[in-house]
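Data block below; observations after.
The values are calculated or read from the model by the stated rules, or taken from the named source; none is laboratory data. This one's a predicted model, so the numbers in the text were calculated from it and none came from an experiment. With ideal geometry, Cβ positions are generated from the backbone for all residues, glycine too; neighbour counts draw on all protein chains shown. These area figures cover heavy atoms from the full protein model, side chains too; ligands, DNA and RNA do not enter into them. Shrake-Rupley method; radii C 1.70, N 1.55, O 1.52, S 1.80 Å.
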Amino acid sequence: MKRLLAYGAALALALTVGPLVPGAPVPVASASGKVLVKQTASLGASANPSTDDPGRQIASARFDIEVLGATTARPHYSVDARLTLRGDPQTQYDDDARLVFGFGHRDGTRCEVKAALTDETYGAAGATYSVVGYTDDNPDMSHQLPRPARPWSCVVAVVEPIDGPLLGPSPYDAVVGALANTYQAPKLSVGKVALLGKNVKQLRLVRGVPTEVHVTVRNRGEVSAGRVRVTGKGKGVKVGATRSDAALGPGRTTALRIPIRINAARARKVRLTVQGGGVKASRVIVVRPTKAPPRPLAGTYRSPDGRVHFRVRNGRIVNWRGTMTTRCGIAPSPYTYTQNTYDFPARKIPRNGIVQASARGSNFGTSLRLRIAGGKVTRGLFTYAGPAACSASVAFTARRVGR
C-alpha cells in the first residue's frame with residue numbers, strides 16, 4: 001500500500017548530483033518569458049549498495065514532474081516516479097523493504113529532502129514500483145505533497161529497512177541526482193486588423209478622427225501569456241493602448257479593440273505590438289488618410305426587412321429599435337428562442353460616419369456599430385447579452401425612407 005510522508009530531513013550522500021551551482025534556486029518564470037513546465041531525472045544503479053540481495057538493489061529510477069500554473073502565485077506540481085529493482089524481493093506477500101522517493105533542494109553534494117512518497121516492496125509485486133503525488137490544496141486528497149517555496153532541484157530514490165526510521169543511516173541502496181528543467185515561453189503574434197467587422201490590409205481613416213479597430217492576437221505557445229497589452233506607434237499617427245480582460249492561454253486567440261487616429265496628410269506605417277508573459281511580437285500596417293464621407297441626412301431610416309428602424313436628428317442616431325431572435329440557456333440543456341425588440345441610447349455620429357458604441361444596464365449589455373454616408377447605412381450590427389445566458393444580434397443595412 002502506498003503512503004505519503006513529508007518531512008525536512010537531509011539525506012547526506014557523498015554523490016555528485018549534477019552541474020547545478022550549489023544552492024542556486026530554480027526559477028519558475030524568468031523575465032524573458034520562459035516558464036518552468038517540466039522537471040525530469042533518470043537515475044541509474046548505484047556503485048555501492050550495502051546488500052547483495054538484488055531485490056533490495058536499485059537498477060534504475062525515473063522522476064517526471066509536471067509544473068502547472070507556473071505564472072500564477074501558487075503553481076502546482078504533479079509527480080510521477082518509478083523505480084526498478086535488480087530482482088524480485090524474496091518475501092512473496094509480506095513487506096520486504098521500504099522505498100522512498102524524495103524531492104528536495106541541492107546543498108553542495110547533498111540533496112536535502114523536503115517531501116517524499118513511499119511504497120513497500122514484496123515478491124508478488126515484482127521488481128518495478130511507481131508512485132504519484134500532487135501539490136494540491138485539498139487536504140483529503142491522497143498522495144498530497146507539500147507545495148515547495150521554490151521548485152525542487154534534486155531527487156533521491158532509497159531502498160531501506162521496512163522497520164527502520166525514514167531516511168535512516170543504513171539504507172540497503174540509494175541513488176541521488178539533479179532534476180533537468182524544461183522551460184517554455186508564450187509565442188505571441190499580431191494577426192488581422194478589422195474595421196467594422198471586415199479584415200483590411202490597409203486602414204483608410206478620416207484625418208483627425210479616432211477610429212476603433214479590432215486587432216487579432218494569438219498565443220501559439222504552450223504556456224499562458226497572462227493579460228496581454230496591445231500598443232502602436234507611427235509617425236503622424238496616434239495609437240491608443242488596450243489590455244485583455246483575461247489571460248491569453250496556450251493556443252488561444254483574442255481580438256482587442258484599439259483606437260487609431262491619423263494626423264498626417266499621406267500614408268504612414270504603424271507598428272502594432274502585443275506583449276505579455278515576458279515576450280512580445282509586432283506587425284506593421286499601413287494607415288492612409290481618406291476624405292470624410294457625405295454628412296448623414298436627417299430623417300427616418302429603415303432596414304430592407306423592416307426589422308431595424310431609427311432616426312437621424314441633429315447629427316445623432318436616435319430612437320433606434322431592432323427586432324430579432326433571442327436565444328437563452330446553456331448546453332446541454334435545450335435552448336429557448338423568442339422574438340424581442342431592443343433599443344439603444346442616442347449616439348452622436350462622428351465626422352467619419354462610423355458609430356461604435358456600447359451601453360450597459362444593471363444586468364445586461366448592448367453594442368451598436370454602423371457606417372453612415374448621406375442617406376445610406378452599411379455594416380450595421382447590434383448585439384445584446386443579458387441574464388439567463390440570453391443573447392441576440394442582428395446585422396443590418398438601412399436607407400433613409402422619409403423626413
Label-point separation (nm) for D107 and R307, each offset 7 Å from Cα along Cα-to-Cβ?
7.2
Tally of Lys pairs whose C-alpha atoms are under 29 Å apart, taken over region 252-403, 8 or more apart or cross-chain:
5
Subtracting the Cα-Cα distance of S78 and A292 from 0.36 nm times their residue separation yields 71.1 nm
Looking only at region 360-403, which residues have a backbone nitrogen under 15 Å from a spot 7 Å from the Cα of Y337 in the C-beta direction?
391-394
Please report, largest first and rounded to whole Å, the three semi-axes of the ellipsoid equivalent to region 109-235, where each semi-axis is the square root of five times an eigenvalue of the C-alpha gyration tensor.
57, 16, 14
If amide H atoms are modeled at 1.01 Å from N in the peptide plane, then the residues at a separation of 5 or more from D136, or on another chain, having amide H under 5 Å from its own are L145
If you plug each phi of region 283-300 into the Karplus form 6.51 cos²θ - 1.76 cosθ + 1.60 with θ = phi - 60°, what whole-Hz ³J(HN,Hα) values come out, in order, with x for Gly and Pro?
8, 9, 10, 9, 10, 10, x, 9, 6, 5, x, x, 5, x, 7, 5, x, 9
Quick check: pseudo-label points 7 Å beyond the Cα along Cα→Cβ at N314 and S189, how many nm apart are they?
5.0
Excluding residues fewer than 8 places away in the same chain, name every one of the aspartates and glutamates whose C-alpha is closer than 16 Å to that of K238.
E212
For region 286-403, Rg(Cα) over 2.2 N^0.38 Å is 1.17
The ³J(HN,Hα) series, computed from each phi in region 210-220 with the Karplus coefficients 6.51, -1.76 and 1.60 at θ = phi - 60°, rounded to the nearest Hz and given as x for glycine or proline, is x, 10, 7, 10, 9, 10, 7, 10, 10, 10, 8
Using a 1.4 Å probe on the protein chains only, how many percent of the accessible area of the chain belongs to carbon and sulfur?
49
In nm, what is the difference between 0.36 nm times the number of residues separating T128 and E222 and their Cα-Cα distance?
30.6 nm
Across region 360-367, in residue order, what do the Karplus-derived ³J(HN,Hα) couplings come to in whole Hz, using 6.51 cos²θ - 1.76 cosθ + 1.60 with θ = phi - 60° and x for Gly and Pro?
10, x, 5, 9, 8, x, 9, 9
Net lengthening on full extension, R321/A373 (0.36 nm per residue, minus Cα-Cα):
16.7 nm
Taking N as the number of residues in region 325-385, what is its Cα Rg relative to 2.2 N^0.38 Å?
1.41
Would you pull out the residues with amide H under 5 Å of T242's amide H, same chain only if 5 or more places away, H placed 1.01 Å from N?
V230
Along the Cα-to-Cβ line of A357, 7 Å from the Cα, sits a label point; which residues in region 289-311 have backbone N less than 17 Å from it?
296-302, 308-311
Ratio to report: Rg/Rh of the chain, with Cα atoms as the point set and Rh obtained by the Kirkwood method; give two decimals.
1.22
Placed amide H near R295: partners under 5 Å, 5+ positions off or other chain:
G374
Label-point separation (nm) for C328 and K348, each offset 7 Å from Cα along Cα-to-Cβ?
3.7
